[in-house]
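I'd like to ask you about the structure that follows.
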Amino acid sequence: MAEYQQIISIIALTMGVAWASGINLYATILVLGIGANNGQLVLPDSLYLLQSPLVIAAAGLMFAVEFFADKVPGVDSIWDAIHTFIRIPAGALLAAGVVVEISPALALAAALVGGGLTATTHASKTGTRLIINTSPEPFSNWTLSVTEDLLVIAGLWAALTHPLLFCLLLFLFILFLAWLLPRLWHGIRRLRQKINAYFRHDNRPTLPKV
C-alpha cells in the first residue's frame, strides 16, 4: 500500500510541475522553491537548486514582471509567444528532474510526457488569451490572469498533499482540453480571417468621385 501511494505521489508531482509550468512557470518555481526552503516539502536532490535563494529571487522577479505583463491585452499574447520557447523545455526538465534519480529512462519518459502536457496547457492559455483580447474591456483579462495564478498554487498544493485527487482532476482537465483546444483553434482561425478581411478592405483602392 505504501509503495502504491509513493508511485501515485511521484506521478502527481511529475505531472503537476509540467502542468503548472505551461500556465505560469515562475509561479511554479516559486511555490516549489519557497516550500522546500521553508521545510514544508522535500524536493528530489535533482531539484535541490530550486530552493536556492538566488533561484527564488530570480523566479520572484520574473513572476512580478509576468504578473503585470499578463494583464495588458496584447502584451500578454506577445509574452506567451516568447515563452513558448521557455515554458515547454522548462516543464519537461522539471518533470524529468522529479524522477531522474530513480531511472534515466524514466526521466526521459517523464520529459516527453511532461513536455507534451506543458505544451498543451501553454497552448490552451495562449489561445484563450488571443480570443479574450478581442474584447475591448480589460476586466476579463485581469480575472483570467489572477485565476491562472491561483490555479497554479492550488494545483501544486493538491499534487503535493492529495496526489490521488490531483491525478483524477488532471485526467478530467485533459479531457476538458481535448474538447476546448479544437474550439480555440477554430476561434483563432475566425479571428485571423476577420483581421485579414479588415486589412484587405482597408487597403482597397477608392475610386475618385465623378
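The values are calculated or read from the model by the stated rules, or taken from the named source; none is laboratory data. Note that the structure is predicted; figures quoted are calculated from it, not measured. Note that we place each Cβ from the backbone using ideal geometry, even for glycine, and neighbour counts take in every protein chain shown.
Being under 21 Å from Leu181 (Cβ atoms), modelled with pLDDT of 90 or more and either loosely packed, with under 15 Cβ neighbours inside 10 Å or in contact with a His (Cβ under 8 Å, 6 or more places away or on another chain) (or both) is the filter here; which residues of the range 127-161 pass it?
Within the range 127-161, Thr147 is the sole residue that qualifies.
What's the total number of residues in the range 32-54 that are within 22 Å of the chain's Cα centre (by Cα) and over 11 Å from Leu160 (Cα atoms)?
Qualifying residue count, the range 32-54: 10.
Continuing with this model, one more query. Quick one: is Gly16 over 25 Å from Leu130 (Cβ atoms), touching a residue at least 40 places away in the same chain (Cβ under 8 Å) and assigned to a helix (DSSP H, G or I)?
Against the criterion (over 25 Å from Leu130 (Cβ atoms), touching a residue at least 40 places away in the same chain (Cβ under 8 Å) and assigned to a helix (DSSP H, G or I)), Gly16 qualifies.
Given the conditions (1) out of contact with any Phe, Trp or Tyr (no Cβ under 9 Å at 6 or more places or on another chain); (2) buried (at least 21 other Cβ atoms within 10 Å of the Cβ); (3) farther than 30 Å from Phe139 by Cβ, and given that Gly114 satisfies all but one, which numbered condition is not satisfied?
Only one criterion is unmet by Gly114, namely (1).
Going through Phe68, Phe63 one at a time, which residue ends up being surrounded by fewer than 23 Cβ atoms within 10 Å (Cβ to Cβ), more than 22 Å from Gly127 (Cβ to Cβ) and of a type in the set (Phe, Trp, Tyr)?
Phe63
Got a sec? Which helices (runs of 4 or more DSSP H) wholly within the range 68-170 have at least 2 residues that are closer than 13 Å to Val17 by Cβ, in contact (Cβ under 8 Å) with a residue 12 or more places away in the chain and aliphatic (A, V, I, L, M)?
Once the helices (runs of 4 or more DSSP H) in the range 68-170 are filtered for at least 2 residues that are closer than 13 Å to Val17 by Cβ, in contact (Cβ under 8 Å) with a residue 12 or more places away in the chain and aliphatic (A, V, I, L, M), what remains is 84-99, 104-132, 139-161.
In the range 36-57, how many are surrounded by 15 or more Cβ atoms within 10 Å (Cβ to Cβ) and assigned to a helix (DSSP H, G or I)?
Adding up the residues that qualify gives 8.
Quick one: in the range 1-13, which of the residues that are part of a helix (DSSP H, G or I) and over 21 Å from the mean Cα position of the chain (by Cα) is modelled with the lowest pLDDT?
Among those that are part of a helix (DSSP H, G or I) and over 21 Å from the mean Cα position of the chain (by Cα), it is Ala2.
Among the residues of the range 88-111, which ones are over 15 Å from Ala12 (Cα atoms) and either basic (Lys, Arg) or surrounded by 23 or more Cβ atoms within 10 Å (Cβ to Cβ) (or both)?
Ile88
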